[in-house]
Amino acid sequence: MNMAKEKIVMVDLVRQYEKLEDEINSTVIRCLKESAFINGPEVKEFEKSLANYLDVDHVIACANGTDALQIALMALDLKPGAEILVPAFTYVATAEVIALLGLTPVLVDVNIDDFNIDTESLTRYITKKTKAIVPVHLFGQSANMEKLMLIAKENNLFIIEDNAQAIGSDYTFSNCTKKKSGTIGHIGCTSFFPSKNLGCFGDGGALMTNDDALAAKIRMIANHGQKKKYYHSIIGVNSRLDTLQAAILSIKLRHLDEYIRARNDAAELYDSLLKDISDVEIPKRLLYSTHVFHQYTLKIKKGKRDLLQKVLQEQDIPSMIYYPVPLYKQQAFSKYFGGAALPNTETLCTEVLSLPMHTELKKEAITHISEIIKSNI
Ligand SMILES: *Cc1c(COP(=O)(O)O)cnc(C)c1O
């Protein structure tokens with residue numbers, strides 16, 4: 001088949017599945033025959049394997065990444081009106097759960113070059129009411145966790161990491177110790193949405209923590225606030241990872257490092273082909289975090305982004321704008337608008353363009369996409 005004619009997709013879940021088809025199919029059939037669809041042994045097994053991979057004491061699986069964030073906030077026992085600092089340039093879920101719980105999301109700016117929460121301007125927003133920060137490791141690279149943990153310590157704040165896009169990335173502290181993203185703050189949250197770097201075949205999520213007391217509380221909250229069946233000590237929710245999804249995730253977890261390598265290979269090829277094009281900026285790499293490239297996101301300067309996206313679309317090349325609108329400009333969040341636009345968030349919403357990025361992306365496709373960008377910018 002002519003490679004250039006093969007359809008290019010943002011994320012190729014079909015090919016990724018086909019490579020593991022026999023193993024996944026036989027596992028799914030085994031689960032069906034066992035029919036322990038809820039809380040089957042596969043759930044505990046997956047929690048254990050993920051805890052082992054991340055080198056964290058506790059992993060608590062739940063129904064999706066948004067639930068993980070909600071449960072994490074519930075576990076902190078915050079009073080209504082408590083202020084939670086969160087980046088304005090993120091997926092809505094991060095701030096949505098804060099508002100849903102009657103807490104106040106305080107939207108702060110991000111760094112222009114790495115898209116993550118700006119730890120400098122952030123300190124201006126800390127008040128007596130501030131209780132937590134929810135950094136998002138956007139697109140696959142960690143926020144400045146060392147700085148954030150310092151700020152948290154000085155101001156007695158909790159840190160909940162939104163690790164939905166960065167599972168598997170390594171963080172290096174200034175004393176050279178390393179930790180996996182999502183295991184540095186008080187609680188880490190992740191999503192197993194199919195297109196995430198570790199995705200299942202439906203919805204799924206998990207929380208991570210090294211704090212035994214928080215872990216016990218999180219487990220209770222995710223299970224209707226009960227430790228013993230039908231005895232409810234606190235108000236909880238019903239948030240579970242299906243047995244089938246856990247079994248699939250255990251298989252895919254064994255391939256996560258290989259998936260991360262494939263994404264990095266693709267990113268490096270994009271980089272080499274796009275780095276010298278004027279008005280195109282390739283993603284910046286940070287010294288303290290490895291990149292797992294959930295997204296490969298360019299900045300397209302001088303107002304050329306939308307036209308470039310249109311040209312790509314005409315050539316059957318998909319691309320996405322994550323995210324087109326700052327959270328404070330969303331109707332649902334208008335009451336949380338601090339009164340001043342956040343300059344980096346504003347700029348990024350007009351410049352970012354995410355290209356196809358997945359584990360099955362072919363060199364020929366990357367070359368083809370890059371050539372079209374080069375000749376149309
Ligand atoms: C995907 C995602 C979520 C939510 O995960 P779901 O499993 O879809 O609920 C939260 N935060 C970020 C940054 C995400 O990318």
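Scan segment 49-59 for residues that are in contact with a Gly (Cβ under 9 Å, 6 or more places away or on another chain) and either within 14 Å of the ligand (Cβ to nearest atom) or over 13 Å from L214 (Cβ atoms) (or both) and jot them down.
Residues satisfying the conditions are Y53, L54.
Report yes if some residue within segment 167-182 is closer than 17 Å to D57 by Cα, touching a residue at least 12 places away in the same chain (Cβ under 8 Å) and of a type in the set (K, R); otherwise report no.
yes
Which of (1) open to solvent by less than 10 Å² (accessible area, probe 1.4 Å); (2) farther than 21 Å from L54 by Cβ is the odd one out, the single condition S142 does not satisfy?
Going through (1) open to solvent by less than 10 Å² (accessible area, probe 1.4 Å); (2) farther than 21 Å from L54 by Cβ one by one, S142 breaks only (2).
Residues that are on the phi > 0 side of the Ramachandran plot, modelled with pLDDT of 95 or more, within 14 Å of the ligand (Cβ to nearest atom) and in contact with a His (Cβ under 8 Å, 6 or more places away or on another chain): does segment 118-141 have at least one?
The answer is yes, given that some residue of segment 118-141 is on the phi > 0 side of the Ramachandran plot, modelled with pLDDT of 95 or more, within 14 Å of the ligand (Cβ to nearest atom) and in contact with a His (Cβ under 8 Å, 6 or more places away or on another chain).
Quick grid of which residues meet (1) of a type in the set (F, W, Y); (2) assigned to a strand (DSSP E or B); (3) within 16 Å of the ligand (Cβ to nearest atom); (4) surrounded by 18 or more Cβ atoms within 10 Å (Cβ to Cβ):
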residue: G303; (1), (2), (3), (4): no, no, no, no
residue: P318; (1), (2), (3), (4): no, no, no, no
residue: F333; (1), (2), (3), (4): yes, no, yes, yes
residue: L348; (1), (2), (3), (4): no, no, yes, yes
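Failed condition for D170, given (1) over 17 Å from D118 (Cα atoms); (2) more than 15 Å from the chain's Cα centre (by Cα); (3) acidic (D, E), with all others met?
The single condition D170 does not satisfy is (2).
Could you list, in sequence order, all residues of segment 358-376 that are open to solvent by less than 70 Å² (accessible area, probe 1.4 Å) and in a loop (DSSP other than H, G, I, E, B)?
Listed by number, the residues that qualify are H358, T359, E360, L361.
Kindly establish whether G182 is outside the structural domain of S354 (by TED's automatic domain parsing), over 28 Å from T350 (Cα atoms), assigned to a loop (DSSP other than H, G, I, E, B) and within 13 Å of the ligand (Cβ to nearest atom).
When the stated conditions are applied, G182 passes them.
Could you list all residues from segment 29-44 that are exposed (fewer than 15 other Cβ atoms within 10 Å of the Cβ) and on the phi < 0 side of the Ramachandran plot? Full working, then the answer.
Of the residues in segment 29-44, the ones exposed (fewer than 15 other Cβ atoms within 10 Å of the Cβ) are 29-30, 32-38, 41, 44.
Result: I29, R30, L32, K33, E34, A36, F37, I38, P41, K44.
Any idea how many residues of segment 81-110 are within 19 Å of H294 (Cβ to Cβ) and among the β-branched types (V, I, T)?
5
Scan segment 145-179 for residues that are part of a strand (DSSP E or B) and either open to solvent by 70 Å² or more (accessible area, probe 1.4 Å) or away from the ligand (no atom under 14 Å from the Cβ) (or both) and jot them down. Steps first, please.
Of all residues in segment 145-179, those part of a strand (DSSP E or B) come to 158-162, 170-172, 178-179.
Once the filter is applied, which keeps residues that are part of a strand (DSSP E or B) and either open to solvent by 70 Å² or more (accessible area, probe 1.4 Å) or away from the ligand (no atom under 14 Å from the Cβ) (or both), segment 145-179 yields F158, I159, D170, Y171, T172, K178, K179.
Within segment 60-98, restricting attention to residues that are away from the ligand (no atom under 14 Å from the Cβ) and among the small types (G, A, S), which residue is surrounded by the most Cβ atoms within 10 Å (Cβ to Cβ)?
The qualifying residue surrounded by the most Cβ atoms within 10 Å (Cβ to Cβ) is A75.
Looking for something open to solvent by 40 Å² or more (accessible area, probe 1.4 Å) and either in contact with a Pro (Cβ under 8 Å, 6 or more places away or on another chain) or without any contact (Cβ under 8 Å) to a residue 12 or more places away in the chain (or both) - is there at least one such residue anywhere in segment 241-248?
Filtering segment 241-248 for residues open to solvent by 40 Å² or more (accessible area, probe 1.4 Å) gives 242, 244.
Subset that is either in contact with a Pro (Cβ under 8 Å, 6 or more places away or on another chain) or without any contact (Cβ under 8 Å) to a residue 12 or more places away in the chain (or both): none.
Within segment 241-248, not a single residue is open to solvent by 40 Å² or more (accessible area, probe 1.4 Å) and either in contact with a Pro (Cβ under 8 Å, 6 or more places away or on another chain) or without any contact (Cβ under 8 Å) to a residue 12 or more places away in the chain (or both).
A quick yes/no check of all residues on (1) open to solvent by 40 Å² or more (accessible area, probe 1.4 Å); (2) at pLDDT 95 or above; (3) touching a Phe, Trp or Tyr at 6+ places or on another chain (Cβ under 6 Å):
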site: K329; (1), (2), (3): yes, yes, no
site: G339; (1), (2), (3): yes, no, no
site: P343; (1), (2), (3): yes, yes, no
site: P356; (1), (2), (3): no, yes, no
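Tell me yes or no: at least one residue of segment 224-240 is within 16 Å of the chain's Cα centre (by Cα), closer than 16 Å to L69 by Cα, in the same structural domain as A61 (by TED's automatic domain parsing) and part of a loop (DSSP other than H, G, I, E, B).
Checking segment 224-240: not a single residue is within 16 Å of the chain's Cα centre (by Cα), closer than 16 Å to L69 by Cα, in the same structural domain as A61 (by TED's automatic domain parsing) and part of a loop (DSSP other than H, G, I, E, B).
The values are calculated or read from the model by the stated rules, or taken from the named source; none is laboratory data. Keep in mind that what you see is a predicted model, and the values were worked out from it rather than measured. Cβ atoms come from the backbone with ideal geometry, glycine included; neighbour counts cover every protein chain shown. Heavy atoms of the whole protein, side chains included, go into the accessibility calculation; ligands, DNA and RNA do not. Shrake-Rupley method; radii C 1.70, N 1.55, O 1.52, S 1.80 Å.
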